[in-house]
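These notes are about the structure you will find just below.
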Amino acid sequence: MHQIKLADNIYFLGFNDRRTQLFENIWPIPNGISYNSYLIDDDKIALVDTVERQFIEDYLDKIETIIGERSIDYLIINHMEPDHSGALKAIRARYPEITLVGNKKTFGLVESFNIDPGKVLLVNDNDTLSLGKTNLQFQTIPMVHWPETMVTYDETHKIAFTGDAFGSYGTLDGGVFDDEINLDFYEVDVMRYFTNIVGKYCAHTQRAMKKLSGLDIKMIAATHGPVWRTNLDWVLSRYTKWSAYDMELGVVIVYGSMYGNTQKMAEVIARQLSVRGIKNIRVYDSSKTHSSYIINDIFKYKGFIVGSCAYNNALFPNVETLLSTIEHMAPKNHYLGIFGNFLWNGGGVNNLSKFAEMIKWDLVYEPIEEKGSLKADKFRMCIEMADSMADKLLQTTEPETGISNRSH
Ligand code: FEO
C-alpha cells in the first residue's frame, strides 16, 4: 500500500470525513474535514494522537500495514477531544502494553471518558523522549484548544505536531502537503477553523506561538487539514494576525427581519458605507447565514452593525443566538452600530443596547429604532450611522490604505 511519509520513519495516518454535516454538532463543514494522526516508526514506535471513532477499523488496519505484528510503545496525547481520541480505547485494547504520554491535565480527561489510562508517562514543558533515532520534546499550549493541549516537537526532523493549532476544515482531496494543494481552497476553511474553534482563546494562541517561536520548526503537522512543509508562513502569518485581532477595513452588517423593514435599514447603511469608499461590506440575514460564517467575518472586519426587529418583546431569535455566540467568543476592538424596528412594542433595539453595554466595543452612533416603514428622519440617521462608521474606519486605516474619503 502507498504510504504517505513526513520523513523516512514518520507516517501520515489521516482520514477524510465527508459525511458529518456539523463539526462539534454546531459548525457547518460543507467541504468536510480530515482527522490526522501520525505514526513514528523507530526503535520504539509512537502514535501522535488518533482519529475520530468512525475510522477505527481502517485506522487499525493502516497501522498494521506499517508495523505488522510489532507493538506500539507510546500513544502521545496532544489533545483529548474525541475527534482525536476516538480510537484511544481501541488502540489500548489492541496494544495493551502501550504507554499513554500526556501532561498533568491529560489523564484526568482520559478518565472522564471512562478509560483507564493504564501505563502513563507524565511530561512537562521541555521534557524529552527518545524513540531511538528520533527525539521528541513536549510543550504545553493550554486552551489551544483544551486545557491539556500540547505540542510534540520532533527535534530530529524538526516537525511540530500541533494538534488543532494551524488546522483546517476541508478534506484532503489527494494532496496532503501544503505544496501539493492550491491553498486558495483552504483560505476560508483555515480561518473558519481558527475563529470557530480556537478564536475564543486568542491570548492563549499568542502565548503558544511565542512559546513555539523558540523551536526550529521545518514542518507543522496539525490534526486537521494540510501538513505544512513549504508555506509555513502562509498559516503562521494568518494566525499571528487573527489572534491579535488585526482586522481589515470592512463592515459586517447582520439583521433579523420578518417583513423587511429592518432589512431596508441595513440596505441604506450598506449603500452609504459603499458611497464612503468602504469596499468590504458583508450584509447577512441572520435567518439564512450560519453564525460560523458571520463570526468568521467579524474576526476579519473591524466594523460590525447589527439590526433586529422586535420579536415577542425581545430580539429576533437568530440575532439573539448570534449575539450570544459573539459574547461567548468575545472578539475585541470593533466599531459597533445598532439599529432596529418595532410595530406594537419594542424589544429589539433595547436588547441590542444591552449587548453594546456588555461587549464594550466602540459605539459609533446612537441606537436607531424605527416604527414600521423606514421614514425620512430614521433614513437620515441610517446615513449618519454609516458616515460615522466610515469616519472611524478611514481615520484608523487611511494612512496605510489610501482609500478615498468621498462624501455621499
Ligand atoms: Fe480537533 Fe479540539 O479538536
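A few comments on the model shown:
- Unmet requirement for residue 96, which otherwise passes all of (1) away from the ligand (no atom under 16 Å from the Cβ); (2) in contact (Cβ under 8 Å) with a residue 60 or more places away in the chain; (3) touching a Gly at 6+ places or on another chain (Cβ under 8 Å): (2)
- Among the residues of region 338-374, those identified as of a type in the set (Phe, Trp, Tyr) and either surrounded by 13 or more Cβ atoms within 10 Å (Cβ to Cβ) or part of a strand (DSSP E or B) (or both) are 339, 342, 355, 361, 365.
- Count - residues of region 147-176 that are within 14 Å of the ligand (Cβ to nearest atom), of a type in the set (A, V, I, L, M, F, W, C) and on the phi < 0 side of the Ramachandran plot: 4
- Helices (runs of 4 or more DSSP H) fully within region 185-276 counting 1 or more residues that are assigned by TED's automatic domain parsing to the domain that holds residue 338 and closer than 24 Å to residue 383 by Cβ: 261-275
- Any chance residue 180 is closer than 21 Å to residue 15 by Cβ and modelled with pLDDT of 95 or more: yes
- Tabulated pairs, region 338-364, first over 20 Å from residue 379 (Cα atoms), second of a type in the set (Phe, Trp, Tyr), C-beta under 9 angstrom, 6+ apart or interchain: 347/311; 361/304; 361/335; 362/335
- For region 284-295, a residue qualifies if it is assigned to a strand (DSSP E or B) and surrounded by 18 or more Cβ atoms within 10 Å (Cβ to Cβ), and exactly one does: 284.
- Residue match in region 328-337 (condition: surrounded by 14 or more Cβ atoms within 10 Å (Cβ to Cβ) and either over 29 Å from the mean Cα position of the chain (by Cα) or β-branched (Val, Ile, Thr) (or both)): no
- Selection of region 21-50 for residues being within 20 Å of residue 226 (Cβ to Cβ), polar (S, T, N, Q) and away from the ligand (no atom under 12 Å from the Cβ) yields only 31.
- Only one of the numbered conditions (1) in contact with a strand residue (DSSP E or B) (Cβ under 7 Å, 6 or more places away or on another chain); (2) farther than 30 Å from residue 310 by Cα; (3) crowded, with 16+ Cβ neighbours inside 10 Å is violated by residue 239, and that is (1).
- Residue list for region 191-203, restricted to those being within 13 Å of the ligand (Cβ to nearest atom) and either surrounded by fewer than 19 Cβ atoms within 10 Å (Cβ to Cβ) or at positive phi (or both): 200
- Residue 377 meets the stated requirement of being assigned to a helix (DSSP H, G or I), surrounded by fewer than 16 Cβ atoms within 10 Å (Cβ to Cβ) and at pLDDT 95 or above.
- Of all residue pairs spaced 6 or more apart or on separate chains, those with beta-carbon atoms under 6 Å, a first member in region 64-91 that is on the phi < 0 side of the Ramachandran plot and a second member that is modelled with pLDDT under 95 are 65/1; 89/115.
- Flag if residue 88 is of a type in the set (A, V, I, L, M, F, W, C) and away from the ligand (no atom under 16 Å from the Cβ): no
- Qualifying position, being within 16 Å of the ligand (Cβ to nearest atom), hydrophobic (A, V, I, L, M, F, W, C) and under 23 Å from residue 204 (Cβ atoms), among 144, 123: 144
The values are calculated or read from the model by the stated rules, or taken from the named source; none is laboratory data. Small disclaimer: the values here were computed from a predicted structure and weren't measured. When we count neighbours, we look across all protein chains shown, and the Cβ atoms used for this are built from the backbone with ideal geometry, even at glycine.
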